[in-house]
1. Output the Kirkwood hydrodynamic radius of the chain, Cα pairs only, in Å rounded to one decimal.
2. Would you kindly give the portion of the calculated P(r) for the stretch 57-134 that falls above 15 Å, as a percent of all Cα pairs?
3. For each of 61, 261, count neighbouring Cβ atoms within 10 Å of the residue's Cβ, then give the residues from fewest to most.
4. In µm²/s, what is D for the stretch 1-42 at 37 °C and 0.692 mPa s, where D = kT/(6 pi eta Rh) by Stokes-Einstein and Rh is the Kirkwood radius from Cα pairs?
5. Hey, what's the Cα Rg ratio for the stretch 264-401 versus the globular rule of thumb, 2.2 N^0.38 Å?
6. Can you check what the net charge comes to around residue 401, using other residues whose Cβ is under 12 Å from the Cβ of residue 401 (Lys, Arg +1; Asp, Glu -1)?
7. Can you pull out the trypsin sites (Lys or Arg not before Pro) in the stretch 1-59 whose DSSP state is coil and whose Cβ has at most 12 other Cβ atoms within 10 Å?
8. Using only alpha carbon pairs under 8 Å that are at least six residues apart, calculate the relative contact order of the chain and give it in whole percent.
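Laboratory data are not the source of any read-out in this text; all were calculated from the coordinates shown. Quantities reported herein were computed from a predicted structural model and do not represent experimental measurements. We place every Cβ from the backbone using ideal geometry, glycine too, and count neighbours over all the protein chains shown.
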Amino acid sequence: MRLWSTLERGPVQLPPPEQKGRVGMYVCGPTVYDYIHIGNARPFIVFDALRRYLESRGYEVVYVQNITDIDDKIINRAREEGSSPEEVAERFTREYLEDLRALGVTPPTYQPRARAYVDKMIELIEALVAKGNAYVADGDVYFSVRSFPGYGKLSGKDPDELLSGARVEPGERKRDPLDFALWKAAKPGEPKWPSPWGPGRPGWHTECVVMSRELLGETLDIHAGGNDLIFPHHENEIAQAEALTGMSFARIWLHNGMLTVRGEKMAKSLGNFAYARDVVRLFGTEAVRYFYLSRHWRKPLDFSHEALEEARKAVEGVYRFLAEADLAAAEDVPLPEEVATEIKLLEEKFHGELEDDFNTPGALAALQGMANAGKRFVAAGGDRRALGAIAEKIRTLAAPLGLFQGEAAPSRSGRTEELIGLLVELRGELRKGRNFELADKIRDKLASLGVELRDTPQGTVWILR
């Protein structure tokens, strides 16, 4: 199997399971200060499918995904609510785990939380200070970027060029604007732990290094996450880990493309997002998974209700074929040789696509091809009772992708969605005409029927409650 690695800027071969056996895989998890939005869900679904496919091919995958429960965003959310950072982190950790279940994501082998590893982070920082790769500045500890000659090799960024845009924020005590915090001295009202440099808390870039090393060893097989993490997060992870050991931190680096809205990155800061749980409620788990897997994992993917609706229809189409096959199937009726040969070639295509940089769109096309072959066979007068073999093959192959394992996906009324869309469009026209009273009546009436409207810079999004 070949996977495109960010570090090599090209494909890297994963040794076959009889040689490799165990694969250690680390995927960066969420910062638990809010519900995850649908863009956050892409790496969770894509790398869950990769993990499950590797297992189906005979690898033993030790899959680790962290939870960041110490962070500025959590502290700020707690201040806004008048609660504690611990309460915020615990609440949204529960919600995150519930969202993973709704997305059909298999629980990781280990799911470490940053707070449980603070002592180990302190040990790592002490070692970096002792080696001269980090320094103490009035209770803070910074990593010295210039002390690590390989800095920039993952992102391709030149430290000298980075310097022109770097600056020292007020209150920071860096020797060099490029340096990054490993330990932050305590501030009033923030979580804090005792350390050799005084009370404080670890920086974000340290936690993944510590947790991955503790659970997977000094060199990971696969390190994965969204491509927004390449710099500075993953670059800073490499600097710490490799400065400490002199060994490669990860053999393969995988970074998925971002979810976009009309070509712009989806982000809470931009307001152009939808919560994952709302999208799952509207379209269903398998439609969301199919939507993500219908685009190559390294490429950007544009989010829209129309695209999700197309994914839902594709899933329903396969389920209709499976339902027909289940009703008619009989074990003693074999497929004709020419149809069986076509299914075998499509099975080979399915595996070939996934083993070539995990090309899920090609794999889905192979599954759709099997269903279409069955439909053509029946349309040409073939015995429906022979369809059971095709249905069984589709379900077996699709299982690692989290697709086509249940009953037929529930249908949704296209007419209802069209009517909601029409009312949303009418409300928009009324707002443009400054008829806010009638526009608000439409919004309130829709809300009473369980339809929530959210106005974003890119337009109004509606969510069924």
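1. It works out to 24.7 Å.
2. On the way: 2073 of 3003 pairs.
Summing the P(r) of the stretch 57-134 above 15 Å gives 69 percent of all pairs.
3. Ranked by crowding around the Cβ, least crowded first: 61, 261.
4. Details: Rh = 13.4 Å.
Taking Rh from Cα pairs, D becomes 246 µm²/s.
5. 1.21
6. +1
7. 9
8. Values: 725 pairs, mean separation 75.7, N = 465.
Value for the chain: 16 percent.
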